[in-house]
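In what follows, a structure is listed as structure tokens, so that the remarks can point back to it.
The values are calculated or read from the model by the stated rules, or taken from the named source; none is laboratory data. Quick caveat, the model's predicted, so the values are computed rather than measured. Cβ coordinates were reconstructed from backbone atoms using ideal geometry, including for glycine residues, and neighbour counts include every protein chain displayed. Accessible surface areas use protein heavy atoms only, side chains included; no ligands, DNA or RNA. Shrake-Rupley method; radii C 1.70, N 1.55, O 1.52, S 1.80 Å.
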Amino acid sequence: MRVEYREEPCKSALNPVKGMGFKWSLNPYMGCVHRCTFCYVRHFEHRSDRPSDDRYGTSIRVKTNVAEVLSRELARPSWQHEHVAIGAATDPYQPAEGRYKLTRACLEALRDASNPFSIITRGPMIVRDLEVLAEASQRASVSVTFSVPTVDEDVWRRTEPSTAHPRQRLKAVRALVDAGVNARVGMAPILPGISDRPEQLREVVRAAREAGATGIWANLLFLKPGTREHFLEHLAEDWPEQVPLYEELYERKAYLGAELMKPVRGEVSRLAREYEIGDRRPLKLAPPPEPEQLSLTV
């Protein structure tokens, strides 16, 4: 797949967010080359009249000045040191990061400002930044979630064609935890009839425990316009026998009801208890803030 990289400066780095579990997001890139068939970002592309089909991910915006802009925003007297979520609309550790290092530069800015943040990624490249993450974890609340919906080889290859192998992601979890970073696993999205069998769920939870994950959570697939059409098109190619099920489950709705969601989440929670998944990192107290850091919070 040929990818175009557009180097464009940004006017702002932090994006206000409504209706989510966080108020601010940060995305050093826009667009993603992972080509996941279920990617929810396709919905936002569709809503903005941009390609949400197989063309999505062939043009990546590189926010060349994002770290400098972020540093200025974090230094504003009005900034309240609120939590920043990184990777809500693109993977911050997709291959472009190897060249541009924008995510790393943003992490350094957040570390220097002692600002709390979280990262969600499928990219094992994050281990390159272990030192920065460990230092930031000593100054503020920091967490990393690795998205590992399944470790089933066939499901992974068909639904996440350009991502790192799930086992590589789990190795990265181990490296992060060993460095003192809070690293957990997000089983999302779990696909009904494809990756939700009890033995498939167990295999992911067991692998997460072996990797030392500090926690694990799960969510089922949701299909909004843009994502819906693209996913169902690939479903018809890869699992045509599942098409009737999905047409029934997602008829006139994007989210599955509690009657389907609760049993899967409950099983993952039960398995997490069985395998005793939890935060086993040695307790490390953050050092007292420097005087200049104190001035930022007054």
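What the table shows:
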read-out: Per residue accessible area in Å² of the range 92-138, where ligands, DNA and RNA are left out and the probe is 1.4 Å; value: 33
read-out: Loop chymotrypsin sites (Phe, Trp or Tyr not before Pro), the range 240-273, which have at most 14 other Cβ atoms in a 10 Å radius of their Cβ (DSSP); value: 255
read-out: Calculated [θ] (222 nm, deg cm²/dmol) that DSSP helices of n ≥ 4 give over the chain, each run adding -39,500 (n - 2.57); value: -11500 deg cm²/dmol
read-out: Modelled FRET efficiency - R0 30 Å, residue 158 with residue 202, Cβ distances, 0.05 increments; value: 0.90
read-out: Inter-part distance where the range 144-189 and the range 204-268 are each reduced to a Cα centre, Å; value: 16
read-out: Free-standing Cys, the chain [no other Cys Cβ under 4.7 Å]; value: 10, 32, 106
read-out: Most fluctuating residue given options 104, 252, 197, as computed from a GNM of the chain linking Cα atoms under 10 Å; value: 252
read-out: Estimated FRET transfer efficiency when R0 is 35 angstrom, pair residue 270-residue 141 (beta carbons, to 0.05); value: 0.80
read-out: Relative contact order, percent, the chain [alpha-carbon distance under 8 Å, six or more residues apart]; value: 18
read-out: Net length gained if the chain between residue 210 and residue 49 were fully extended (0.36 nm per residue, minus Cα distance); value: 53.6 nm
read-out: Within straight-line cross-link reach of residue 63, lysines at Cα separation under 18 Å, skipping those fewer than 8 residues along the same chain; value: 11, 101
read-out: Gain upon complete extension [residue 7, residue 252; 0.36 nm per residue less C-alpha separation]; value: 84.3 nm
read-out: In nm, spacing of pseudo-spin labels at residue 128 and residue 64 (7 Å Cα→C-beta vector); value: 1.9
read-out: Neighbour-limited loop hits for GluC sites (Glu not before Pro), the range 91-193 (at most 16 other Cβ within 10 Å; DSSP other than H, G, I, E, B); value: none
read-out: Percent accessible area from carbon and sulfur atoms, the chain, protein chains only, probe 1.4 Å; value: 52
